[in-house]
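To start, the structure itself, in structure tokens.
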């Protein structure tokens, strides 16, 4: 989002406007009111006596609510401050806007206020790619409401606009004739409701008030209980507390409830382009958030599971057992001009589905869900062997079958140049990227645990463990780059190593596929100068052929990537290294007011002194939002084992105390305490950044106290 | 109703069990419009066990569609999710059941039996 734009959101409904609250038509920018991947308002302009207003300030009250303070006149030198206008907009199923006019003068005023409204009903994909519409528009006044419609065959969407006071409604907007006494005010509530018409009926998807068509939900209370249910963080470093709260609120904002979820929600991937369910993003975010809000994982598992592939369909890149990549609701999906109903083209979501199911059980003890999803988890495990091994060499690889609208790159680094050799050579397809093998290994190991514990199938467990051991042995042989002492980024279509050094090796630690004897070299690379920028691990190492510090997946630092790398380092016992990465990323968060961007530049920290944001339009983004949560987990060393929570902290230098209170789980509620050994009392003035000290995390946390409350 | 849709429901009922239905439990009703008449089918799912019967009862998920659309679904030419978004299927109630049932519908008839690259054996 650019600085001149204001956005509020709730689930997959969001509004992007300018700083006056106005929306001007744009065929290519995501400005407007969007719901279900469709733009329900493309114009929304407020005028008083025919003139637009000037912005004094905006106040972002909540993620779902903004207040715009305006005055009449657009002059830059002098504004007539006798009349001010306050617009308070809350998003729900559509949005509600309260407009208040205040007459500060000694005389009564008479004026005309007008809102011009229009809707182009563009599919979000059409906004992205600037495509033309094929259906017909309608506009009409029904029962003093302005109804804007769009129809293509049976596809039917409507925007219904109404006001709480007498208005002169025409086909292009609403007008009000207003008289305000001296020192008085005048208020109107305007409601914009987005509706989907199917089979002659309006689909009821009202999130907060079943059956009630009003747009304004009771969201404030909902947010309070959301934050209240999460563990409480107390620490001696204020920015971390702010970052933590920001993460919880942004996660609440990104909650999305598919129609089949019965009101339960899962994390959508990010604003504005990705406000929907994604296999990879929803799973990674749910993993990050498990110790804090385990309900997200449960819904993610159920909703992805129920949409698991059941047939071979080349258009959707669907196979039996494959977990979806992306689900969309817009016109292009409806008419099968895009394959997102859902689209299955990803190679990582399926093994990660099993990983999340196991991790979820560890954090909640909810074996019922593991039983409910037994068929889906088994089918996912079968997919790894039966459909993902495209080269017949025992490794998961990907190659799209939908060559028109399918995705070429089906791993998380999905840009065209992300997978390359040291010399910059880009391989053909299929590609077997290394982290996919780690996820497959982990899925088999964790699947074996679930088979033994819940499904009572020891034969399956034995088979999965044998396969996992074999995969690990082969992987450590075939992917190991001898002269560099790291794992190749991928194997190419001929099974040859694609040998660039990249952050993907950190995910391998997280998955546990790395042989102990090789782990030390991997950890050294991750915090070495080629990969570690001082803020975090770069996606591609400095010195590689395609390295570019502001290249999307070839040199930038991705907070989400780093959170899983830190988890991986902890898994192999590299406490200092994990703490160092946590410190760097949390320092960066401070520069972004606690809201980590999708990615930032891979410049060396000593060069820029601040993290340079990658010029992307996606914020907040779910897995960046989840990053501080996972980093808290790694710093505290939280590990759920057999119904108990192990706490084994390793704090970075600069943090003296972290307390995370009321961590929910099969153990009831537990408080985790961590102490660094630094003397926080002697600090004065500005705290040095925690990542600044060389060899950070020397001050290791003492073994903490754990008690049940 | 043409033979294809009826055959599909009959086969479902005769089969009695399909593991692809997972742990889904509940009832669906299909109201199938055909030349001004409505034919009703009830499907009960219980953790893989399936029963199909004729007639209208209240169900957890109620689906309304034209016969031609249902025929397209059971021969694989119509994708139910896209059709729902397009507005040619109306559905209320528990969508989760409909999504489970979708697993039983076939692939497009023009799909090769083994897609390129899918199963190397």
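The values are calculated or read from the model by the stated rules, or taken from the named source; none is laboratory data. What you see is a predicted model; the values in this text were computed from it and never measured. Quick reminder, even Gly has a Cβ in these numbers, built from the backbone with ideal geometry, and neighbours come from all protein chains shown.
Data for the structure
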| quantity | calculated |
| --- | --- |
| Qualifying residue in the range A:136-152 (condition: touching a residue at least 40 places away in the same chain (Cβ under 8 Å) and assigned to a loop (DSSP other than H, G, I, E, B)) | no |
| Scope the range B:39-76; condition in a loop (DSSP other than H, G, I, E, B), within 13 Å of chain A (Cβ to nearest Cβ) and more than 11 Å from the chain's Cα centre (by Cα); matching residues | B:47, B:48, B:60 |
| Helices (runs of 4 or more DSSP H) fully within the range A:329-428 counting 2 or more residues that are touching a residue at least 40 places away in the same chain (Cβ under 8 Å), within 26 Å of the chain's Cα centre (by Cα) and buried (at least 22 other Cβ atoms within 10 Å of the Cβ) | A:331-334, A:349-364, A:374-386 |
| Residues (away from chain B (no Cβ under 14 Å), closer than 26 Å to residue A:668 by Cα and not in a strand (DSSP E or B)) located in the range A:251-275 | A:251, A:252, A:265 |
| Residue among A:51, A:84, A:72 that is without any contact (Cβ under 8 Å) to a residue 24 or more places away in the chain and surrounded by fewer than 23 Cβ atoms within 10 Å (Cβ to Cβ) | A:51 |
| Residues located in the range B:77-105, provided they are assigned to a loop (DSSP other than H, G, I, E, B) and more than 7 Å from chain A (Cβ to nearest Cβ) | B:77, B:78, B:94, B:104, B:105 |
| Matching option when the condition is at pLDDT 95 or above and on the phi > 0 side of the Ramachandran plot, among A:555, A:568, A:584 | A:555 |
| Failed item in (1) touching a helix residue (DSSP H, G or I) at 6+ places or on another chain (Cβ under 7 Å); (2) closer than 22 Å to residue A:156 by Cβ; (3) without any contact (Cβ under 8 Å) to a residue 60 or more places away in the chain, with residue B:72 passing the rest | (1) |
| Residue A:322 vs. criteria out of contact with any helix residue (DSSP H, G or I) (no Cβ under 9 Å at 6 or more places or on another chain) and either surrounded by 22 or more Cβ atoms within 10 Å (Cβ to Cβ) or assigned to a helix (DSSP H, G or I) (or both) | no |
| Close pairs (6 angstrom Cβ cut-off, 6 or more residues apart or separate chains): in contact (Cβ under 8 Å) with a residue 60 or more places away in the chain and at negative phi in the range A:157-175, surrounded by fewer than 15 Cβ atoms within 10 Å (Cβ to Cβ) and in a strand (DSSP E or B) anywhere | A:175/A:168 |
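Rundown of residues vs (1) at pLDDT 95 or above; (2) surrounded by 14 or more Cβ atoms within 10 Å (Cβ to Cβ); (3) under 34 Å from the mean Cα position of the chain (by Cα); (4) more than 19 Å from residue A:197 (Cα to Cα), yes/no style:
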{"position": "A:106", "(1), (2), (3), (4)": "no, no, no, yes"}
{"position": "A:115", "(1), (2), (3), (4)": "yes, yes, yes, yes"}
{"position": "A:129", "(1), (2), (3), (4)": "no, no, yes, yes"}
{"position": "A:150", "(1), (2), (3), (4)": "yes, yes, yes, no"}
{"position": "A:155", "(1), (2), (3), (4)": "no, yes, yes, no"}
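Quick grid of which residues meet (1) closer than 23 Å to residue A:300 by Cα; (2) over 18 Å from the mean Cα position of the chain (by Cα); (3) not in a strand (DSSP E or B):
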{"site": "A:580", "(1), (2), (3)": "no, yes, yes"}
{"site": "A:585", "(1), (2), (3)": "no, no, yes"}
{"site": "A:594", "(1), (2), (3)": "no, no, yes"}
{"site": "A:598", "(1), (2), (3)": "yes, no, yes"}
{"site": "A:603", "(1), (2), (3)": "no, yes, yes"}
{"site": "A:610", "(1), (2), (3)": "no, yes, yes"}
{"site": "A:619", "(1), (2), (3)": "yes, no, yes"}
{"site": "A:648", "(1), (2), (3)": "no, yes, yes"}
{"site": "A:652", "(1), (2), (3)": "no, yes, yes"}
